[in-house]
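Reviewing the structure listed below.
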Ligand code: NDP
């Protein structure tokens, strides 16, 4: 038997509770793992509060991310005792996930835990931080280098935003954070933001081309914010789009692309190929200051995850929530 957070939906409605489950109920996959830590990403928050149809099969053990130890494996790359990190692949949506003391996962999904990180640190990074790294890699692939100019990070006090600021500042960029939380300004400056702007400046409909400011942008927000960020990006600049905290829409025009040669780079973490994941985790190990990471983290126990998810959805969380399994 093992302890897990179980999400159920039936005629009696939606329920989320920590319960004991039999290992025989775990879905088929070639590696049995013991997650030591998991985390709450935005999508986990939606699942745990039943706010959006993230969960596709019921009942579901949520938990998109996990880090811990391999217990059993019939996959050639993994043996008992190996340390792993897992992000995405529909886990916690269609396949039972890591908010549990046991999970069966595919060996092809797992990445070796970098020696630089404990399972707790890897989950402090989580999908949010790994996505931030994917955004930085996308900006670099399109030519961003220290000295290129100011880099805007939207959704700044969230998980993606926090890690993106820490990474970009450490790499030598001048980072401007856009946030809706005035009380987070000190936190964002500690992470490395050179300046903080009110996200309201970007939140409403704007002109298709505006004064050129950003050499690059990491956008976790979408909608008018992304449209304005594109309209303010300098000639030849690049914008990495990964999120939709403001909205799924993109009320923009082709003007930034055809008149300023701006590149819009899409970033997906869920189905990213293993080689790219390994590159992202290796870069996180070398480029992220573990001391700064600690300033972003709030830790909860498994039975505190649902309440923390409620706070995440209410926009009351700064940085990242790790869940001790
Ligand atoms: P968080 O909830 O941690 O952070 C989101 C942040 O966005 C908030 O902290 C807030 O920052 C800002 N925000 C919230 N609501 C609004 C709004 N209405 N308008 C403008 N800004 C808002 O989420 P994550 O950082 O984990 O994820 C950010 C986004 O990225 C989500 O949409 C998520 O689904 C997406 N995502 C996508 C991935 C991918 O693979 N493409 C992977 C991971 C996440 P502040 O208060 O500082 O303004």
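The values are calculated or read from the model by the stated rules, or taken from the named source; none is laboratory data. None of these values were measured; they are calculated from a predicted model. Using ideal geometry, Cβ is built from the backbone for each residue, glycine included, and neighbour counts are taken over all protein chains shown.
Side notes on the structure shown:
- Checklist (1) within 16 Å of the ligand (Cβ to nearest atom); (2) assigned by TED's automatic domain parsing to the domain that holds residue 313; (3) out of contact with any strand residue (DSSP E or B) (no Cβ under 8 Å at 6 or more places or on another chain) applied to residue 109, failing item: (3)
- Exclusive hit being within 16 Å of the ligand (Cβ to nearest atom) and either surrounded by 17 or more Cβ atoms within 10 Å (Cβ to Cβ) or assigned by TED's automatic domain parsing to the domain that holds residue 63 (or both), set 262, 300: 300
- Condition check for residue 170: touching a residue at least 40 places away in the same chain (Cβ under 8 Å) and more than 13 Å from the ligand (Cβ to nearest atom): yes
- Condition met for residue 69 (without any contact (Cβ under 8 Å) to a residue 60 or more places away in the chain, surrounded by fewer than 18 Cβ atoms within 10 Å (Cβ to Cβ) and under 16 Å from residue 270 (Cα atoms)): no
- The lone criterion from (1) closer than 21 Å to residue 306 by Cβ; (2) touching a residue at least 60 places away in the same chain (Cβ under 8 Å); (3) more than 16 Å from the ligand (Cβ to nearest atom) left unmet by residue 7 is number (2).
- Out of 160, 196, sole residue that is in contact with a strand residue (DSSP E or B) (Cβ under 8 Å, 6 or more places away or on another chain), within 16 Å of the ligand (Cβ to nearest atom) and not in a helix (DSSP H, G or I): 196
- Considering the stretch 231-240, and only residues there that are more than 21 Å from the chain's Cα centre (by Cα) and within 14 Å of residue 139 (Cβ to Cβ), the residue that is farthest from the ligand (Cβ to nearest atom) turns out to be 236.
- Residue ID - surrounded by the fewest Cβ atoms within 10 Å (Cβ to Cβ), chosen from residues in the stretch 203-222 that are more than 14 Å from the ligand (Cβ to nearest atom) and assigned to a strand (DSSP E or B): 214
- Scoring residue 183 on the criteria (1) outside any helix (DSSP H, G or I); (2) surrounded by fewer than 21 Cβ atoms within 10 Å (Cβ to Cβ) leaves a single failure, condition (1).
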